[in-house]
Amino acid sequence: MTPGHGAADAAIAHAYDGRAAEYLGAAGTLEQMDERDRTVIARWRDATSGALLDAGCGPGHWTAFLHDGHRTVSGLDLSQALLASARSRFPQVSFERASFRAVPLEDGAVGGILAWYSLIHTPPADIPGVLVEFARVIAPSGSILIGFFDGEAREEFAHAVAPAFFWSADALTSLLDAAGFEVVSHEHRERTPDEISRRAHGHLIARRR
């Protein structure tokens, strides 16, 4: 990891540590998540074999949701404060502090990675390397499910916690293809008034070649 990458990760960790209580109150439980998101993630979970990794697990509610499907699951995040909450609330799940740039797993160790709104703070120039690292730890024919704010790809916006970036299915498809994935489905939807965010939602599923 270069010093620049380390500084970027440290800034994200510091931002979430500083606003952990606020984040937990606004988006820290499964009940606060949109039912359509729960359906998408459950369907992906049940269709994906092998162990699963929740990359950017935050407070761990999605990690526990994956585990509730009787799966071997681990969560990875940068924020010590959010990980402390996750470990306290979900002791049945394994959580680790680590960077997407150096995932602490062997090659092909998992069947799938959930990256649900967890790539949004990564500088766009760094996303190709992160996807290559994700591809390394996913077994052939395994898959990745990515959730993102759908907009002008790579455009920065003022997220409530830390600067973030829009993505699009087309832009991510090109990067995933270069990293050894094939996109098999994607979806865009506008938000409803009762959702946490007002920004358009996107998600895609890609399979490891």
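Bear in mind these aren't lab numbers, they're just calculated from the coordinates by the rules spelled out. Here the structure is a predicted model, which is why all the values come from computation and not from measurement. Methodologically, a virtual Cβ is constructed for each residue, glycine included, from the backbone with ideal geometry; neighbour enumeration extends over all protein chains shown.
Helix-only estimate, please: 222 nm mean residue ellipticity of the chain, summing -39500 (n - 2.57) across DSSP H runs of length 4 or more and dividing by its residues, to the nearest 500.
When only DSSP H runs of four or more count, the value is -11000 deg cm²/dmol.
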Formal net charge of residues neighbouring G60 (Cβ-Cβ distance under 10 Å; K, R +1; D, E -1) = 0
Quick one: net charge of F100's neighbours, Cβ under 14 Å, K/R +1, D/E -1?
-> -3
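Let me make sure I get this right: for the range 1-95, a, b and c are the square roots of the gyration tensor eigenvalues over alpha carbons, sorted descending. Under 1.5 in a/c it's rounded, otherwise prolate if a/b > b/c, else oblate. Which is it?
On the way: a/c = 1.93, a/b = 1.47, b/c = 1.32.
Judged from the Cα gyration tensor, the range 1-95 comes out prolate (a/c at least 1.5, a/b above b/c).
Return H121, H203, H14 ranked ascending by Cβ neighbour count within 10 Å, so the fewest neighbours appear first. Each step should come with its number before you reach the end.
Details: H121 20, H203 23, H14 14.
Arranged by neighbour count, lowest to highest, H121, H203, H14 become H14, H121, H203.
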Using +1 on the beta carbon of Lys and Arg, -1 on that of Asp and Glu, and nothing else charged, what's the dipole of the chain about the Cα centre, debye to 20?
-> 360
Please report, to one decimal in angstroms, the Kirkwood hydrodynamic radius of the chain built from all distinct Cα-Cα pairs.
-> 17.0
Set Lys and Arg Cβ to +1 and Asp and Glu Cβ to -1, take the dipole of the range 3-208 about its Cα centre, and tell me which of H61, W116, I146 lies farthest positive.
-> H61
For the range 124-150 and the range 159-209, what is the separation of their Cα centres, given in Å?
-> 11
Project the alpha carbons of the range 67-191 onto their principal axes and report the range along each, largest first, in whole Å.
-> 39, 36, 27
Once you've got the GNM for the chain with C-alpha springs shorter than 10 Å, pick whichever of R136, R198, R154 has the biggest mean-square fluctuation.
-> R198
So S185 and R43, fully extended at 0.36 nm per residue minus their Cα-Cα distance, gain in nm 49.9 nm
Relative exposure of W62, W44, judged by other C-beta atoms within 10 Å (fewest first) = W44, W62
Would you mind ranking S94, S79 by Cβ crowding within 10 Å, fewest neighbours first?
-> S94, S79
R0 = 22 Å: FRET efficiency of S94 with E22, Cβ-based, nearest 0.05?
-> 0.25
